[in-house]
């Protein structure tokens, strides 16, 4: 009986699982990697919506070839992202891979990209600085901005326009919030602001009440970089504890999750400044057209596309545009395609995007403030658009690198 | 007690002393809360407001933890059922309560609905699931793990990844003034503390529930029956009590408490996926510290853990999350049965291997030879991707599960910390050898680095064993699970050694003999050789005196002791060897992934290893490899078959079926089915 088992195993592995060699010349296989399982499922699904919207617009055609999309899924852990990327590249044989969604996943996929020189990797929405800043991979392209770029303009605005001179930060204890706080403080400290204390709360912590009690009374505002669920928790607990200091938001703090919740914290968040790569009611026809298309295509989507939908949309658009330029040539080492990607001048719903020498996006950033619409719902109103923010936040590269890697203690201006 | 007798004549007894110390500590705490602080104390503790708030938050959080843990401990006390799906019941209660509250527009309707719905779910679980497994505590526990995997996935499918926030009735909302003075301003104005009213409500509810439970247990007939059941199940049913009905009733109460706390706790914080694991872990730690089966213990444990968590968050934010687990380990070391537990419960149940019957002796049959040839020739027929991602990964996960099988199958101790041990070896390789993160990476040569890492894993495993073997059976599952979680948090929070949440990347096997061992085919053969070595070692060890003694101590520890074996040492040695195997696999795993981070050793991954071991079967050392093959196949191709988001439902369902139908896994299933399928029974079937 064991022989049977082993024969069955051998058959299974040689037939059912063998790579599908049939590869038509008139189609290009594209991998789409997002978090379709685990706690970030909702975000990953919106990312896929964004990418598919771009493909639909192009009728799944680019450079005269058919785009065949194969989805891959991770659970937001870097291990699972690499496993999924490996399956897409080595088993499904994709020529271009779009993804992943979150920061540490991006770093892991970049490392994997180095082992696959004949495949082009285009980021999803992962926003870790070092995916492109330090030790970049020659075949990894990112048309979205990183977590520090997302903060561009916020620190200066908080200090000068809002008059917040002393701010404490509350953020989760890992790399993405470090980068966000870094981006905020780069501006804020330079403008003359002080951050006497940074509260790093463990990931998954839901109970902020003791942290709230430890916030000094004499602060002008609290900078909060907590994602969706945790942001909601912080807000409601702060409001329950009778807190009155105004807030400053990170890029994922005052998103639809927070704006859409019911409860007293709604009124409290009005006027909260924040910054990020998108704004719900940005001016300009391209954005409005994008939102309308999104709403028409996805009845089950968010009320307005999230930054994940926007990010994946832009990356997919970039890929389509480059493929058009090279007539769908993805053969060999894909030198032509990569050259086209590098020199792309991409018009997106959120402004013009170009790449720097590390294949990292230089793009507009939106400074927003929470406002109440006539029908009572809350939205992020655009205060200012910071044009063409580069990865070093306008600081000369040598000086920027001297600032070092963002972590719990860096930067520091007590 | 014996100490007290000896010291009776010499002044105050230890009991009097401890009461005195408690009174003094209470008085100091009262003064710290209600008195006006001198400057030095303000400076030392960062302000009175901070300290008092943290204490109050700790106490109110303890109220919530008590609510959750009381149901858990009640069910355990009577039925020896470690319901690891208790967290799922909590979350389900919160979701149902939320829907009910939204639908009716009334929060109280949500509370009632959430509690009653979960009471019904609890009763149904007892009737349709646990009743069928009566007497097999370990399988009951395994079933609850399966249920929790499937439940988490289905809840994600139904309610999505969104965060739900209850709107609390306005009379319970907002902050209230308390008579606690936090500061006196220079102009003499007194500043008092304002505190969220709802948290006080949570505390009040938990006090009422706690008192109610205590009264019900100690003054009613129903309570008497339950307490009698805790002490001696057999006697109780002999006296004519319908134990079946009683069990259903208790499970319903346990469910009621879980559902109630889901809505209450969900209103205090929020409702989102992942809360199930969080409250399960909280319940586990609370009852392990407080003592399994004791309501008073749950209260004490909850208070300790709640305070530790909140004070830790403020005063040692980095390691606050680890603090609770430190308390747990210290408690276990000093008093394994927990503060209020009794020693009888701890060791009452003889540890039982998950598979009935003996380990199947391993013989070299033609079939085994064919399998070996097939494994060696595998890379010839399969693509590099299949060889690497499926082949190598199966061998690695199989080895980690094999280390669990040794402990479970041969030793009767199911350890959930095997992936943690593997992870420790992986971290050691990343720290001692070269890595691409730019943090640590001591660049030691692999000849030293790799053996040392494996040895470290063995030693850590032995240490975990030293804690775990103080208890038995299902306790081992809980304790090793908690140790695994503690390591996960430690690695996530510590940057100086573990590089925190990001961990280490850029780790590759060395190029030895001019071979790039990271390429698919060499790496597969490397894994195959290591797997074959560990497999042979296990087969050999099982026949050795040590292995036989270990099995003897599994089947009857008392008799093994009587014969002259030191059972504790035997088990620790078994943990050490299992640790070496897991460590070797861990080194390969970190090379396979090219990286390691806390996510590699998370709870769900640890549970995955248990799933692999159970699916494969613990009666034969080939079992874990079969289980791993199925697991990896499903994990890789689920997205093409059922959609990635339902992988967990699929694997959880398979796990449940295996535990239900065939306690000895796929191997056992095959052994049972083969005679029916084949025309004539095969030789060894």
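Nothing in this text is a laboratory measurement; each read-out follows from the coordinates by a stated rule. Quick caveat, the model's predicted, so the values are computed rather than measured. All Cβ positions, glycine included, derive from the backbone under ideal geometry; neighbour counts span all protein chains shown.
Looking at the square roots a ≥ b ≥ c of the eigenvalues of the Cα gyration tensor of segment B:487-566, which shape do they give, rounded for a/c under 1.5, prolate if a/b is larger than b/c, or oblate? In terms of gyration-tensor shape, oblate.
Using a Förster distance of 60 Å, how high is the FRET efficiency between residue B:368 and residue B:245, based on the Cβ-Cβ distance and rounded to 0.05? Plugging the Cβ-Cβ distance into 1/(1 + (r/R0)^6) gives 0.75.
When a/c reaches 1.5 or more, the comparison of a/b and b/c decides; with that in mind, is segment B:362-448 rounded, prolate or oblate per its Cα gyration tensor? Oblate is the answer for segment B:362-448, as a/c is 1.5 or above yet b/c matches or exceeds a/b. The listed peptides B:263-273, A:390-400, ordered by packing as a protection proxy, come out as B:263-273, A:390-400 (highest mean of other Cβ atoms within 10 Å first). In chain A, the longest principal axis of the Cα atoms and the axis of helix A:175-191 are about 50 degrees apart. Short to long, the 10 Å bins of the Cα pair-distance histogram for segment B:272-316 hold 29, 45, 25, 1 percent of all pairs.
Which whole-number percent of Cα pairs in chain A have a distance greater than 31 Å? Considering chain A, 38 percent of its Cα-Cα pairs are separated by more than 31 Å.
Neighbour counts of C-beta atoms inside 10 Å place A:142, B:139, B:227 in the sequence B:227, B:139, A:142, starting with the fewest. Each peptide among A:347-353, B:129-135 gets the average number of other Cβ atoms lying within 10 Å of its residues, and from highest to lowest they stand as A:347-353, B:129-135. Shielding value for A:213-223 is 3, the average number of Cβ atoms from other chains within 10 Å of each residue's Cβ. Each label point was placed 7 Å from the Cα along the Cα-to-Cβ direction; for residue B:232 and residue B:189 their separation is 6.9 nm. Three semi-axes describe the equivalent ellipsoid of segment A:344-412; taken as square roots of 5 times the Cα gyration tensor eigenvalues and ordered largest first, they are 29, 20, 9 Å. An oblate overall shape is assigned to segment B:428-496, the ratio a/c of its alpha-carbon gyration tensor axes (a ≥ b ≥ c) being 1.5 or greater and a/b not exceeding b/c. Take every pair of alpha-carbon atoms less than 8 Å apart whose residues are at least six positions apart; their mean separation over the length of chain B yields a relative contact order of 17 percent. The calculated pair-distance distribution of the protein assembly as shown uses every alpha carbon pair, bins of 10 angstrom beginning at 0, and gives 2, 10, 19, 23, 21, 15, 7, 2, 0, 0 percent. Stretched out straight at 0.36 nm per residue, the stretch from residue B:335 to residue B:380 would grow longer than its current Cα-Cα span by 10.6 nm.
Shielding of peptide B:583-590 by partners, expressed as the average count of other chain Cβ atoms within 10 Å per residue Cβ, is 0.
Here residue B:455 and residue B:559 are evaluated by their C-beta separation; at R0 = 30 Å the FRET efficiency comes out at 0.35. Calculated [222 nm] ellipticity per residue, helices only, for chain A: -10500 deg cm²/dmol; basis is -39500 (n - 2.57) per DSSP H run with n ≥ 4, divided by all residues, nearest 500. Across segment A:134-206 the C-alpha pair distances fall into 10 Å bins from zero in the proportions 19, 41, 28, 11, 1 percent. For chain B, the 222 nm mean residue ellipticity estimated from helices alone, with every DSSP H stretch of n ≥ 4 adding -39500 (n - 2.57) and the total spread over all residues, rounds to -23000 deg cm²/dmol. Fewest-first ordering of A:270, A:96 by other beta carbons within 10 Å of each residue's beta carbon gives A:270, A:96. The mean number of partner chain beta-carbon atoms within 10 angstrom of a residue's beta-carbon across peptide B:314-320 is 4.
Roughly how tilted is helix B:197-219, in degrees to the nearest 10 and between 0 and 90, from the longest Cα axis of chain B? So the inclination is approximately 80 degrees. Which angle between 0 and 90 degrees, to the nearest 10, do you get for helix A:228-240 versus the longest principal axis of chain A when only C-alpha atoms count? On a 0 to 90 degree scale, this one is about 10.
Among beta bridges identified by DSSP and lying wholly in the protein assembly as shown, the antiparallel ones come to about 50 percent. Here chain A carries DSSP beta bridges of which approximately 40% are antiparallel, counting only pairs with both residues inside.
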